[in-house]
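**Student:** So that we are looking at the same thing, I have put the structure below in structure tokens.
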Amino acid sequence: MTFELSEAGTLPGDGCAGTLVGRIRLDDGPHVVRVGEDGLHDLSSTFPLMGELLDHADPASAAREATGETLLTLDELLRSTVSDDVGAPRLLAPVDLQALKAAGVTFVKSMLERVIEEQARGDAARALDIRKRVESLIGGDLRSVRPGSDSALKLKEHLIEQGLWSQYLEVGIGVDAEIFTKAQPMSSVGHGDWIGLHPRSNWNNPEPEVVLVVSSKGRIVGGTLGNDVNLRDFEGRSALLLSKAKDNNASCSIGPFIRLFDDSFGLDDIRNERVDLEVSGEDGFRLSGSSSMSEISRDPADLVEAMMGKAHQYPDGAILFCGTMFAPTEDRDVEGEGFTHKAGDIVTIASRHLGSLVNRVTTSDKAPPWTFGATALTRNLASRGLL
């Protein structure tokens, strides 16, 4: 399939009306940029690191007021990002030293799928029968339960009696949210990049999510989109394999840009954002679905409080995947075994306020290796006189 990126297919529905910032790679290294109608404005002389911008008292105003040359147009950047020229300018993930964190089991539908994976022990062939049983017994009960409430604790007792209590239900409706490390800082890929699956995985899926952007002080300052690529067979065999299921080369995709909070966009917009997903396969397979943040079981601000506070700090800031209600069950090849990726799939994650994040699927051993980390970034910025 032809793989192309366009400005219209990348930007939010209102174009450049919001304050959009990101990172691009040029010959001399990474640059922090602001997206304008006339192109990408370099902010690196003022904010060489994204975290410095995010820690500003008013990041959106600071990004708009910072002076810097216009480097190239967005269309030029998108064309070069998907070109075969490895040295051409490229759009990067819009974060650098931020911790890459994620919240799990925050929507009822995906919560049930985690229970099904656990019951099936990672065997996709057993999932259909187990799904029918689990949904008939507990599906409706969970949709009106507030996590950590008295009614949640009573439901827990009932499910224990039924033999259906699960570690996933514990974090789904219990007192404590699941917050885990998705990947290492600097390891995420961006819009237009390859995303990677572990080569031994036979049951996996994309997880389209809203991603909160959080300053080092714990303040939510913006949002972006993410793909929390997941290996259902690995995690289903044992929850202790979570890091194997979640953190592989090119398994964390973020982008296309960070939309900073300003007069046009705020936390309430995130609370009501709908995230759409489309998967297009080289075999002609098509899959689509959506995830509405209004159906999340824990408020985004509460998830950030669970991640960061007096008990845990992130001096370079953090991003937080909010979870997804999308867990594809549509059969792709074998009846009853549901969806799994194939090499060459194109995954599009889109929302009204945050734009579109598009990636191609391969295996983690074939995706470009991660070679530019925190040490390389520090040396590069120092050599350019930016530190």
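**Student:** For Gly122, are the conditions met, namely being outside any helix (DSSP H, G or I) and more than 25 Å from Asn227 (Cβ to Cβ)?
**Tutor:** no
**Student:** Given the options Ser44, Ser83, name the one that is hydroxyl-bearing (Ser, Thr, Tyr), touching a His at 6+ places or on another chain (Cβ under 7 Å) and closer than 25 Å to Met186 by Cα.
**Tutor:** Exactly one residue qualifies, and that residue is Ser44.
**Student:** Whether any residue in segment 94-105 is among the charged types (D, E, K, R), under 20 Å from Thr375 (Cα atoms) and out of contact with any Ser or Thr (no Cβ under 9 Å at 6 or more places or on another chain) is what I want to check.
**Tutor:** Within segment 94-105, one or more residues are among the charged types (D, E, K, R), under 20 Å from Thr375 (Cα atoms) and out of contact with any Ser or Thr (no Cβ under 9 Å at 6 or more places or on another chain).
**Student:** Just to be sure I understand, how many residues within segment 168-183 are in contact with a Leu (Cβ under 7 Å, 6 or more places away or on another chain) and either crowded, with 18+ Cβ neighbours inside 10 Å or basic (Lys, Arg) (or both)?
**Tutor:** Residues flagged as in contact with a Leu (Cβ under 7 Å, 6 or more places away or on another chain) and either crowded, with 18+ Cβ neighbours inside 10 Å or basic (Lys, Arg) (or both) within segment 168-183 amount to 5.
**Student:** Here's a follow-up. Which fully enclosed strands (runs of 3 or more DSSP E) of segment 293-385 have 1 or more residues being in contact with a helix residue (DSSP H, G or I) (Cβ under 8 Å, 6 or more places away or on another chain)?
**Tutor:** 318-321
**Student:** Name the single residue that is modelled with the highest pLDDT among those in segment 124-134 being more than 15 Å from Asp331 (Cβ to Cβ) and surrounded by 16 or more Cβ atoms within 10 Å (Cβ to Cβ).
**Tutor:** Ile130
**Student:** Right, next: Is at least one residue of segment 2-21 buried (at least 19 other Cβ atoms within 10 Å of the Cβ), in a strand (DSSP E or B) and not polar (S, T, N, Q)?
**Tutor:** Within segment 2-21 (the criterion being buried (at least 19 other Cβ atoms within 10 Å of the Cβ), in a strand (DSSP E or B) and not polar (S, T, N, Q)), the answer is yes, since at least one residue qualifies.
**Student:** Also: Suppose we filter Glu330, Glu282 for residues that are over 24 Å from Gly190 (Cβ atoms), surrounded by fewer than 19 Cβ atoms within 10 Å (Cβ to Cβ) and touching a residue at least 24 places away in the same chain (Cβ under 8 Å); which single one remains? Write out each step before concluding.
**Tutor:** Details: Glu282 fails: over 24 Å from Gly190 (Cβ atoms).
None of the others qualify; the one that does is Glu330.
**Student:** Counting only residues that are part of a loop (DSSP other than H, G, I, E, B) and under 24 Å from the mean Cα position of the chain (by Cα), how many does segment 153-174 have?
**Tutor:** Summing the residues that are part of a loop (DSSP other than H, G, I, E, B) and under 24 Å from the mean Cα position of the chain (by Cα) in segment 153-174 gives 1.
**Student:** Condition first: surrounded by fewer than 22 Cβ atoms within 10 Å (Cβ to Cβ), in contact (Cβ under 8 Å) with a residue 24 or more places away in the chain and over 14 Å from Leu100 (Cβ atoms). Can you find one or more residues in segment 184-195 that meet it? Walk me through it before giving the result.
**Tutor:** Residues of segment 184-195 surrounded by fewer than 22 Cβ atoms within 10 Å (Cβ to Cβ): 184-187, 194.
Now drop any that are not in contact (Cβ under 8 Å) with a residue 24 or more places away in the chain, which leaves 184-187, 194.
Filter once more, keeping what is over 14 Å from Leu100 (Cβ atoms): 194.
Checked segment 184-195: at least one residue is surrounded by fewer than 22 Cβ atoms within 10 Å (Cβ to Cβ), in contact (Cβ under 8 Å) with a residue 24 or more places away in the chain and over 14 Å from Leu100 (Cβ atoms).
**Student:** To continue, here is another question. Give the residue that is farthest from the chain's Cα centre (by Cα), with candidates limited to residues of segment 80-96 that are crowded, with 22+ Cβ neighbours inside 10 Å and aliphatic (A, V, I, L, M).
**Tutor:** The qualifying residue farthest from the chain's Cα centre (by Cα) is Leu91.
**Student:** Which condition from (1) in a strand (DSSP E or B); (2) free of Cβ contacts under 8 Å to residues at least 60 places away in the same chain is the one that Leu212 breaks?
**Tutor:** Only one criterion is unmet by Leu212, namely (2).
For every residue, the table says whether it meets (1) of a type in the set (D, E, K, R); (2) closer than 26 Å to Gly385 by Cα; (3) at pLDDT below 95.
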residue: Gly9; (1), (2), (3): no, no, no
residue: Gly22; (1), (2), (3): no, yes, no
residue: Asp27; (1), (2), (3): yes, yes, no
residue: Arg34; (1), (2), (3): yes, yes, no
residue: Glu37; (1), (2), (3): yes, no, no
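**Student:** Pairs under 6 Å by beta carbon, first residue at positive phi in segment 237-248, partner among the acidic types (Asp, Glu), six or more apart or different chains?
**Tutor:** If the second residue must be among the acidic types (Asp, Glu), no pairs are left.
**Student:** Sticking with this one: Only one of (1) touching a Leu at 6+ places or on another chain (Cβ under 8 Å); (2) part of a loop (DSSP other than H, G, I, E, B) fails for Arg146. Which number is that?
**Tutor:** (1)
**Student:** Mind listing whichever residues of segment 135-160 are at pLDDT 75 or above and closer than 18 Å to Glu118 by Cα?
**Tutor:** Across segment 135-160, the qualifying residues are Lys156, Ile160.
**Student:** Name the residue, out of Asp55, Asp38, that is of a type in the set (Asp, Glu), buried (at least 17 other Cβ atoms within 10 Å of the Cβ) and either within 22 Å of Asp263 (Cβ to Cβ) or in the same structural domain as Gly218 (by TED's automatic domain parsing) (or both).
**Tutor:** Asp55
**Student:** Can you list residue pairs whose Cβ atoms sit under 6 Å apart, with the first residue in segment 215-230 being touching a residue at least 24 places away in the same chain (Cβ under 8 Å) and the second being surrounded by fewer than 24 Cβ atoms within 10 Å (Cβ to Cβ) and of a type in the set (Gly, Ala, Ser)? Count only pairs 6 or more apart in sequence or on different chains.
**Tutor:** Taking only residues 6 or more apart or on different chains, the pairs are Val221/Ser215.
The values are calculated or read from the model by the stated rules, or taken from the named source; none is laboratory data. Please read these numbers as outputs of a predicted model, since none were measured by experiment. For neighbour counting, all protein chains shown are included, and Cβ atoms are generated from backbone atoms with ideal geometry for every residue, glycine included.
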